[in-house]
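Trainee: One structure is given below, represented as structure tokens, and several questions about it will come after.
The values are calculated or read from the model by the stated rules, or taken from the named source; none is laboratory data. If you're wondering where the values come from, they're calculated on a predicted model, not measured in any experiment. All Cβ positions, even for glycine, are placed from backbone atoms using ideal geometry, and neighbour counts span all protein chains on display. Just the protein is used for accessible areas: all its heavy atoms, side chains included, with ligands, DNA and RNA removed. Shrake-Rupley method; radii C 1.70, N 1.55, O 1.52, S 1.80 Å.
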Amino acid sequence: MKSTRVIPKDERDRFWSVVRQCIRKFHVRCAASTLEAVTRLRREVNGMPIEQMVLFYHAEPFDVACNLANNPLDVKDHLDEYLNLRDNTTAGRGRD
């Protein structure tokens, strides 16, 4: 089964857009190097078996951004900002 049938491209694009925006918003000090890591991770995820890919995309973009920045934050401390960012993002917006 192809990944586009399981997770549509626009949803994957939206997920990564939110990850990038989280990095810019919550991890400003390391944004430049971390944004490069987003591209590498996205390629890695695209190469995963479908089952692993589906599990990956169930993660919150906030948590993925924190992991990439090596800076764990408690989403409770940023919940309103994060939900606003996540819920108002469309695929392609906020991308490099």
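Trainee: Ordering 53, 48 from largest to smallest accessible area (1.4 angstrom probe), what's the sequence?
Mentor: The most accessible residue leads, giving 48, 53.
Trainee: Check residue 7: other-chain or 5+ apart residues with amide H under 5 Å from its amide H, H built from backbone geometry?
Mentor: none
Trainee: Any chance you could run the full-extension gain for residue 5 through residue 48? It's 0.36 nm times the residue separation minus the Cα-Cα distance, nm to one decimal.
Mentor: Full extension from residue 5 to residue 48 adds 14.0 nm.
Trainee: Moving on to the next point. Using 17 Å as the cut-off for backbone N distance, which residues of region 7-30 belong to the label zone defined by a point 7 Å from the Cα of residue 78 along Cα→Cβ?
Mentor: Taking a point 7 Å out along Cα→Cβ of residue 78, the residues of region 7-30 whose backbone N falls under 17 Å are 15-30.
Trainee: Hey, can you list the DSSP H helices of the chain whose Cα span along the axis is 20 Å or longer and whose average Kyte-Doolittle score is at least -1.0?
Mentor: TM-like helix candidates: 31-46.
Trainee: Ranked highest first by the average count of other Cβ atoms within 10 Å around their residues, in what order do 75-85, 14-24 fall?
Mentor: 14-24, 75-85
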